[in-house]
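The values are calculated or read from the model by the stated rules, or taken from the named source; none is laboratory data. The structure displayed is predicted, hence computed values, not measured ones. When we count neighbours, we look across all protein chains shown, and the Cβ atoms used for this are built from the backbone with ideal geometry, even at glycine.
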Amino acid sequence: MSIVSFVGAGPGEKDLITLKGYRRLAAADVVIYAGSLINTALLDYCKDGAAKYDSAGMDLGQIIDCMQQAVDQNQSVVRLQTGDFSIYGSIREQIEEMKKRGIAFECIPGVSSFLGAASSMGVEYTVPEVSQSVIITRMAGRTPVPESESLEALAKHQTSMVIFLSVQGIQKVVKQLRAGGYPEDTPAAVIYKATWPDEKKVQGTLADIAQKVHEAGIRRTALIMVGEFLGDEYNYSHLYDANFSHMYRHKAVADDTTK
């Protein structure tokens, strides 16, 4: 029996799809892809004759119908979604509708754009003694967020933060973060289409990042990164410290020249 494979396409660069995801995509008879979000160069991996459907112009019912028709004909289906579908991927609603119809599925994780962005910047979200937590969130817009998860409420933690789907309201984002407690000199960055060929990076602080983003002409498809993990302060971890022992390595012992 054929199944539907949800595949995370990766953050943008064509070869950042996982090997398992690539294999499913290359073997698929039918591919339903998020054309407004993924790098369509990924479709080069499809075999000759594979049917391809851009879900950008489809509603939920049409997407599920397309899956149903394919599996009824014993065709393998890949649902190719942006980054990793576990973050703002709208996967839950698709799965619930598939369950109602008895359509079998599997989920193959991808690489989220927030990870691609960190790689492009050469940064670590969890810097020892600076920040050990990461908040992934979005600004309220046409899709609301719970009041307890407003940017202002989350900013009180002053931890590393990655804000999706909000760059179009960067001035409002900054205002809410400042109201929540981030100092205006908190480092900030905006990454447009992380890992894509036309990637663009803007760096600054909460005092000037909105203006810099405006000057760069970034209006969509970008992540906002905020926190001291982007700053100059850092501490080395204990992991590779010669004076710190753990189950895989013993603490270095200095030579005793008095004996």
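Some observations on this one:
- Qualifying residue in the range 164-176 (condition: within 22 Å of ASN39 (Cβ to Cβ), of a type in the set (S, T, N, Q) and assigned to a loop (DSSP other than H, G, I, E, B)): yes
- Hits in the range 82-141 - residues which are in a strand (DSSP E or B), of a type outside the set (D, E, K, R) and in contact (Cβ under 8 Å) with a residue 40 or more places away in the chain: GLY83, PHE105, CYS107, ILE108, ILE136
- Every residue from the range 165-204 that is without any contact (Cβ under 8 Å) to a residue 12 or more places away in the chain and either under 18 Å from LEU115 (Cβ atoms) or among the acidic types (Asp, Glu) (or both): ASP198
- Looking only at the range 34-80, and only at residues there that are more than 27 Å from THR195 (Cα to Cα) and among the β-branched types (Val, Ile, Thr), the one that is surrounded by the most Cβ atoms within 10 Å (Cβ to Cβ): VAL71
- Contact annotation: residue pairs with Cβ atoms under 8 Å, 6 or more positions apart or on different chains, pairing a residue in the range 64-79 that is on the phi < 0 side of the Ramachandran plot and at pLDDT 95 or above with a partner that is crowded, with 23+ Cβ neighbours inside 10 Å and in a loop (DSSP other than H, G, I, E, B), are SER76/ALA28; VAL77/ALA28; VAL78/ALA28.
- The condition of being in contact with a Phe, Trp or Tyr (Cβ under 7 Å, 6 or more places away or on another chain), closer than 16 Å to VAL4 by Cα and not polar (S, T, N, Q) does not hold for LYS99.
- Pairs, first of a type in the set (Lys, Arg) in the range 28-50, second crowded, with 19+ Cβ neighbours inside 10 Å, C-beta under 8 Å, six or more apart: LYS47/ALA28
- Of the residues making up the range 4-42, those that are under 23 Å from ASP72 (Cα atoms), in contact with an Asp or Glu (Cβ under 6 Å, 6 or more places away or on another chain) and part of a loop (DSSP other than H, G, I, E, B) number 0.
- Looking only at residues in the range 205-227 that are in contact (Cβ under 8 Å) with a residue 40 or more places away in the chain and part of a helix (DSSP H, G or I), the one that is surrounded by the most Cβ atoms within 10 Å (Cβ to Cβ) is VAL213.
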